[in-house]
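Peer 1: Mind having a look at this structure? Questions to follow.
The values are calculated or read from the model by the stated rules, or taken from the named source; none is laboratory data. If you're wondering where the values come from, they're calculated on a predicted model, not measured in any experiment. Because the Cβ atoms are built from the backbone with ideal geometry, glycine has one as well, and the counts that use them run over all protein chains shown.
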Amino acid sequence: MDKFSSLQIFVRVAETGSFSAVAKELGKSQSSVSKSIAALEKNLGALLLNRTTRSLSLTEDGERYFEEVRRLMTEFLDAESILKRGVQQISGNLRIAASVGYGRKVLMSLVAQFLREHRDVSIDLNLNDGWIDIVEQGVDVAIRIGDLPDSSLLAKKVGITQRCLVASHDYLTSVKKTIGIPRTPADLVNHQCVVYTGLQRRNIWEFNARDGTTEGVRVSGNFQSNSSIAIYEAGLKGMGICYSPTWLFEEEIKSGEIKVLLGDWSMRPLPIHAVYPPQRKHSAKVKAFVEHLSRHLALNEAH
């Protein structure tokens, strides 16, 4: 029995609760994953997993063993990387998760730069606009925009995203002679507004005036989506007004293709966090990537 391989398999099975998911992830058969766990249990003389036809769960012994093995394996891999490559170098696979829009518009350039600086690292980037369990998915670090819910995950604020109100020239031309171009937040109730459903207060758009007052407007429209890329496409196609992070339409704003509205009003910026499981706390590659994000996103904010 390859003890180290069996321990890796056990950790992932415990995290995902699935033999089949781990088999697919590792490119193995489900029976080989099951046999590996059985061999480990036989070697230890203890039952680690409760198995039923519908689910897997850790036994009491399995819980204790899992926590220790996961911590030791993370420390071992990091120590091995440092000894082999030197303190200033890191290596290995880094699994990152982010939303589709942020991944495509912002993160990809930062990932490319990170890989140029760390040639012994490989990155597996998971882009998904839905919520994912990063522990279950084996993600090392996730980039999340907005206020974070309470959880056992660790988080570091690496930047902020400014927001703005935008619309295409086609949309503004179509409404100019009828309802007019919006001059105040209250005017938005008469307009087609493209709603992003990924936020908790999806159709309540808040604006801050220069005198410090805040105004919230309940907006509506005939199109909404949980995808920032769909919001982006809707804005370009003149389907309505978008309440958007500036990075989503940055190029089009600079080119003049998209117009920023209500310039006398501002929107609350959203925090950007790097989120990672507690067991990745001492991971050298996670630390390096989080520091890379923090450094470059801070530079972007300064400009």
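Peer 1: Does I258 meet the test of being modelled with pLDDT of 95 or more and within 28 Å of L293 (Cα to Cα)?
Peer 2: Yes; evaluated as a whole, the condition is true for this residue.
Peer 1: Please list, ordered by residue number, the helices (runs of 4 or more DSSP H) wholly in the range 1-70 having 2 or more residues that are charged (D, E, K, R) and more than 17 Å from G138 (Cβ to Cβ).
Peer 2: Filter on the range 1-70 gives 30-44.
Peer 1: Answer yes if at least one residue in the range 233-254 is of a type outside the set (V, I, T), surrounded by fewer than 17 Cβ atoms within 10 Å (Cβ to Cβ), assigned to a strand (DSSP E or B) and in contact (Cβ under 8 Å) with a residue 24 or more places away in the chain, and no otherwise.
Peer 2: no
Peer 1: Just a yes or no: is a residue in the range 59-68 within 25 Å of the chain's Cα centre (by Cα), surrounded by 12 or more Cβ atoms within 10 Å (Cβ to Cβ) and either modelled with pLDDT of 85 or more or among the β-branched types (V, I, T) (or both)?
Peer 2: No, there is no match, as no residue in the range 59-68 is within 25 Å of the chain's Cα centre (by Cα), surrounded by 12 or more Cβ atoms within 10 Å (Cβ to Cβ) and either modelled with pLDDT of 85 or more or among the β-branched types (V, I, T) (or both).
Peer 1: Just to verify a result, which residue in the range 264-284, among those that are in a helix (DSSP H, G or I) and more than 17 Å from the chain's Cα centre (by Cα), is nearest to E206 (Cα to Cα)?
Peer 2: Among those residues, the one meeting the criterion is Q279.
Peer 1: All but one of (1) loosely packed, with under 15 Cβ neighbours inside 10 Å; (2) assigned to a loop (DSSP other than H, G, I, E, B); (3) outside the structural domain of A298 (by TED's automatic domain parsing); (4) not aliphatic (A, V, I, L, M) hold for D150; state the number of the condition that does not hold.
Peer 2: (3)
Peer 1: Looking at this structure, is A167 outside any helix (DSSP H, G or I), within 21 Å of I241 (Cα to Cα), of a type in the set (A, V, I, L, M) and not assigned by TED's automatic domain parsing to the domain that holds V286?
Peer 2: yes
Peer 1: Just give me the residues in the range 202-232 being in a strand (DSSP E or B) and not hydroxyl-bearing (S, T, Y), in sequence order.
Peer 2: Answer for the range 202-232, where residues must be in a strand (DSSP E or B) and not hydroxyl-bearing (S, T, Y): I204, W205, E206, F207, N208, E215, G216, V217, R218, Q224.
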